[in-house]
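Take a look at the structure set out below.
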Amino acid sequence: MLMTPGLAFFYGGLVRRKNMLSILMQCFMALCIISIQWVVCGYTLSFGPDIKGIIGGLDWMFLKGVGMTPNADYAGTIPHNVFMMFQMMFAVITPALIIGAFAERMKFSSFCVFILLWATIVYDPIAHWVWGSGGFLKNMGALDFAGGAVVHINAGMTALVAALILGRRQGYPSGISPPHNLPFATLGAGLLWFGWFGFNAGSALKASGLAGNAFAVTHIAGAVAGTTWSILDWLKYKKPTTLGMITGAVAGLAAVTPASGYISPEGAIWIGIGAGILPWLVVTCLKGTFGYDDSLDAFGVHGIGGIWGVIATGLWATKTINPDGADGLFYGNPIQLWIQTKAVLVTVVYSLAAGAVLLKFVDVVLKLRVTEHEERVGLDLTQHREAAYTLID
């Protein structure tokens, strides 16, 4: 749960001062709205009794039957309601990640409706495909320990279509001022990094050697990616930047997420290097070439980082770390790489298509974007009648 306000400070520090509160409000409202949706129908759609490998049944609506004893299908070591709460936090932060693509220009009312629809129609089915008992990607053998496809590819792809559908911010790119508070962004990145240990190691669902390994490789990949991104910035711009370092670390953490329960520390190093290079290329080169305005690089960091991580799982996964997993290409099993690639393709296509349809629907009903005047004044005042900073003489 702490990752969501951490994300709020990470994103909030990167926008202009007039939009700081709007980011905090969107992240915290995601925590509120998706928590309610999860209780009502989200959990049962994601993890309820399987219907043809596509979706969970409605047996557990309003958490009926989700009690204090373990459920053998998911977490035989902890109470079922604890597993439900743990998974709730994945459901909360995933739509919050998309905020980075449309920061500074989406109406708050439209945001609230969109994330509710997106969680129900996009997140919950993909969570069931990958993690739900009977889900077709799970049955196919796809490995996603803590959410590379479910969280990062899913959010990243919808982030891309959101940036394209809403269009560029006024004055982009030359008229956009730099991040208004990098210390806040760095604090947010630190909270995210810390929270990722619960995200990944916690997905072992017990205090074990596997959880300890996931803890270690998560940290290693984040550190390597942050270092790699800084080196690339140093080479290109002649100076390493704080923004580059924290962005690279988050990209590395996103990339190691699906692999964290299956790889060795050596694999984590390679995943971290890839996560420092591939998202950096997208953010610094391709984004400018194609001209789309992914405000805070949700697609570049989470979408590309997630794709790399899921595919890399098919390279470096090894049964010596997790006997319940599979060996990857470098451990003698090339089929796993193909399975991981298929999982990526399915997630990319569904998230792009469904995300685009939902955004267009909300745009028709409520209009997605604030007016030009509201965008110039800033979302803090126009959407919330508040200011993040009060100057006193």
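Got at least one residue in the range 2-9 being surrounded by fewer than 16 Cβ atoms within 10 Å (Cβ to Cβ), out of contact with any Cys (no Cβ under 7 Å at 6 or more places or on another chain) and part of a loop (DSSP other than H, G, I, E, B)?
There is at least one residue in the range 2-9 that is surrounded by fewer than 16 Cβ atoms within 10 Å (Cβ to Cβ), out of contact with any Cys (no Cβ under 7 Å at 6 or more places or on another chain) and part of a loop (DSSP other than H, G, I, E, B).
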> Looking at this structure, is Leu391 among the aliphatic types (A, V, I, L, M), more than 25 Å from the chain's Cα centre (by Cα) and surrounded by fewer than 18 Cβ atoms within 10 Å (Cβ to Cβ)?
Replying inline: yes
> Would a scan of the range 360-367 turn up a residue that is under 30 Å from Glu104 (Cβ atoms) and either touching a Pro at 6+ places or on another chain (Cβ under 8 Å) or crowded, with 18+ Cβ neighbours inside 10 Å (or both)?
Replying inline: yes
> Does Leu166 satisfy the criteria of being in contact with a Lys or Arg (Cβ under 8 Å, 6 or more places away or on another chain), farther than 17 Å from Ala312 by Cα and open to solvent by 10 Å² or more (accessible area, probe 1.4 Å)?
Replying inline: yes
> Would it be correct to say that Asp380 is within 22 Å of Met29 (Cα to Cα) and out of contact with any Leu (no Cβ under 8 Å at 6 or more places or on another chain)?
Replying inline: no
>> For the range 32-59, give me the residue count where each residue is touching a Pro at 6+ places or on another chain (Cβ under 8 Å), buried (at least 17 other Cβ atoms within 10 Å of the Cβ) and more than 17 Å from Phe136 (Cβ to Cβ).
In response: 1
>> Can you find, within the range 327-359, the residue that is surrounded by the fewest Cβ atoms within 10 Å (Cβ to Cβ) among those that are touching a Leu at 6+ places or on another chain (Cβ under 6 Å) and farther than 14 Å from Leu117 by Cα?
In response: Phe330
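Select, from Ala216, Ala162, Ala207, the only residue that is aliphatic (A, V, I, L, M) and touching a Gly at 6+ places or on another chain (Cβ under 8 Å).
Details: Ala216 fails: touching a Gly at 6+ places or on another chain (Cβ under 8 Å); Ala207 fails: touching a Gly at 6+ places or on another chain (Cβ under 8 Å).
Residue meeting the stated conditions: Ala162.
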>> With the requirement that a residue be among the aliphatic types (A, V, I, L, M) and in contact (Cβ under 8 Å) with a residue 12 or more places away in the chain, what does the range 52-79 give you?
In response: Ile54, Ile55, Leu58, Met61, Leu63, Val66, Met68, Ala75, Ile78
>> Being outside any helix (DSSP H, G or I) and out of contact with any helix residue (DSSP H, G or I) (no Cβ under 7 Å at 6 or more places or on another chain) is the filter here; which residues of the range 70-85 pass it?
In response: Ala72, Asp73, Gly76, Thr77, Ile78, Pro79
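Regarding the range 299-315, can at least one residue be identified that is open to solvent by 60 Å² or more (accessible area, probe 1.4 Å), free of Cβ contacts under 8 Å to residues at least 60 places away in the same chain and over 20 Å from Ala96 (Cβ atoms)?
no
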> Quick one: is Ala216 surrounded by fewer than 24 Cβ atoms within 10 Å (Cβ to Cβ) and either on the phi < 0 side of the Ramachandran plot or in a helix (DSSP H, G or I) (or both)?
Replying inline: yes
> Is it the case that Thr158 is open to solvent by less than 40 Å² (accessible area, probe 1.4 Å) and either at pLDDT 95 or above or in contact with an Asp or Glu (Cβ under 8 Å, 6 or more places away or on another chain) (or both)?
Replying inline: yes
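Residue by residue, here is whether (1) under 15 Å from the mean Cα position of the chain (by Cα); (2) crowded, with 24+ Cβ neighbours inside 10 Å holds:
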| position | (1), (2) |
| --- | --- |
| Met85 | no, no |
| Phe90 | yes, no |
| Ala96 | yes, yes |
| Gly100 | yes, yes |
| Cys112 | no, no |
| Leu116 | no, no |
| Thr120 | no, no |
| Asp124 | yes, yes |
> Yes or no: Leu296 under 18 Å from Ala162 (Cα atoms) and not in a loop (DSSP other than H, G, I, E, B)?
Replying inline: no
> How many residues, within the range 138-155, are open to solvent by 20 Å² or more (accessible area, probe 1.4 Å) and either under 16 Å from the mean Cα position of the chain (by Cα) or at pLDDT below 95 (or both)?
Replying inline: 1
>> I need a count of the residues in the range 197-221 that are free of Cβ contacts under 8 Å to residues at least 24 places away in the same chain and among the polar types (S, T, N, Q).
In response: 1
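The values are calculated or read from the model by the stated rules, or taken from the named source; none is laboratory data. Please read all numbers here as calculations on a predicted model, not as lab measurements. When we count neighbours, we look across all protein chains shown, and the Cβ atoms used for this are built from the backbone with ideal geometry, even at glycine. Just so you know, the surface numbers come from the protein's heavy atoms only, side chains and all, with ligands and any DNA or RNA stripped out. Shrake-Rupley method; radii C 1.70, N 1.55, O 1.52, S 1.80 Å.
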